[in-house]
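Below is one structure; the comments refer to it alone.
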Amino acid sequence: MKKVWCLLMTLVLLVLSTAALAEDADVQAIKDRGVLRVGVKNAVVGFGYQDMLTGEYSGMEIDIANKLAEELGVDVEFTTVTAATRTELLDSGDIDCVLATFTITAARKENWDFTTPYYTDYVTVLVEDASGIKTLADLVGKKVGVSSGSTSARAVVEAMIDAGLIDGADFDRDTFDPATWTTGVSFQQYDDYPTISTALSAGEVDAFSVDKSILAIYKTEGRSFIDAQFAPQEYGVATKKGSGFSAYVEEKITEWLADGTIAGFMAANGVE
Ligand code: GLU
């Protein structure tokens, strides 16, 4: 009995030390390289925004990335990502983490590691005032522009079903595809947000939906948000599944949420 106990303890210790080693190896690799490579947005004011003249990035996600690099004792290198490219770049190893308004979902958690959320946003819808669209109900029968690889279309459909505006009989959260959904509302998917904004002006789509933080820059004269915001979007830092760096980032994010560091970054960037 004693022997079995000893063997068991040795096994537990072995597993624990292997996990610790994995963390060290992945974190060490970044330290050895001397650069933390981070995927960020370039047009989300307050989160990830790039000044086109200077090339400088700013926002709370940039501040978090800079602080991570500072903790690691390395430089930081930013790569602009979109909702569609951020996961490819993480998978290929071109970037170490994503800090790009990346919503944590159950399905995404199966493929990537996410930290505790550092911010919660909501989805809403931007329209041209001339369209007369003011509420979710007005979206019935309309075409909405969304980004590929985003949560937006599903959020719109769920909100419309919840409001009793469309029939949810065909809706399945896991298999939902914006490209084929036509019950009560339809979607046009685009690779980036400026293209959706242009499509909205051109009347190619009736509305533009995504998180409020992302939509802000496109809310120009003559455009308004509809009178609804829905589908809480919890943003987390994403890393490769099972990477030792995931545990490192999680520890830092929880520490900076608790000690007010992240609240400070929000305030400094005008994020509420
Ligand atoms: N935050 C949403 C998502 O992760 C909107 C897309 C985006 O971040 O660009 O799907």
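In this entry, segment 148-220 is assigned a mean projected area of 5.2 nm², taken as a quarter of its C-alpha convex hull surface.
Segment 93-176 gives an Rg/Rh value of 1.02, both radii derived from C-alpha positions and Rh following Kirkwood.
Angle of helix 193-202 to the longest C-alpha principal axis of the chain, folded into 0 to 90 degrees and rounded to 10: 0°.
Taking amide hydrogens as placed 1.01 Å from N in the peptide plane, the amide H of Arg223 sits under 5 Å from those of Asp129, each at least 5 positions away in sequence or on another chain. Beta bridges assigned by DSSP with both partners in segment 124-272 are antiparallel in approximately 45 percent of cases.
As an equivalent ellipsoid, the chain spans semi-axes of 38, 24, 15 angstrom, where each value is the square root of five times an eigenvalue of the C-alpha gyration tensor, largest first.
Listed from fewest to most Cβ neighbours within 10 Å, the set Phe176, Phe102 follows the order Phe176, Phe102. Residue pairs exceeding 28 angstrom between C-alpha atoms, taken from Lys109/Lys134; Lys41/Lys241; Lys142/Lys212; Lys41/Lys109: Lys109/Lys134.
Residues whose amide H comes within less than 5 Å of that of Asp121, counting only those at least five positions distant or on another chain, are Gln233, Glu234, Tyr235 (H built at 1.01 Å from N in the peptide plane).
Shape index of segment 96-238: Rg/Rh, with Rg the Cα radius of gyration and Rh the Kirkwood radius from the inverse mean 1/r over Cα pairs, equals 0.95.
The helix-based estimate of mean residue ellipticity at 222 nm for the chain, built from -39,500 (n - 2.57) per DSSP H run of four or more residues and divided by its residue count, is -11500 deg cm²/dmol to the nearest 500. Helix 60-72 and the longest principal axis of the C-alpha atoms of the chain enclose an angle of approximately 10°. Ordering Ala130, Pro178, Thr116 by Cα displacement along the dipole of segment 112-195 toward the positive end leaves Ala130 in first place; charges were set at the Cβ atoms of Lys, Arg (+1) and Asp, Glu (-1).
Counting only DSSP beta bridges with both residues in the chain, what percent are antiparallel, rounded to the nearest 5? Within the chain, antiparallel bridges account for around 55 percent of the total. Taking the number of Cβ atoms within 10 Å of each Cβ as an exposure proxy, the fewest-first ranking of Glu110, Glu158, Glu234 is Glu110, Glu234, Glu158. When the alpha carbon gyration tensor of segment 166-263 is reduced to an equivalent ellipsoid, the three semi-axes, largest first, read 33, 21, 14 Å.
Laboratory data are not the source of any read-out in this text; all were calculated from the coordinates shown. Quick caveat: nothing in here was measured; it's all calculated off a predicted structure. Neighbour counts are summed over all protein chains in view; Cβ atoms, including those assigned to glycine, are modelled from backbone coordinates with ideal geometry.
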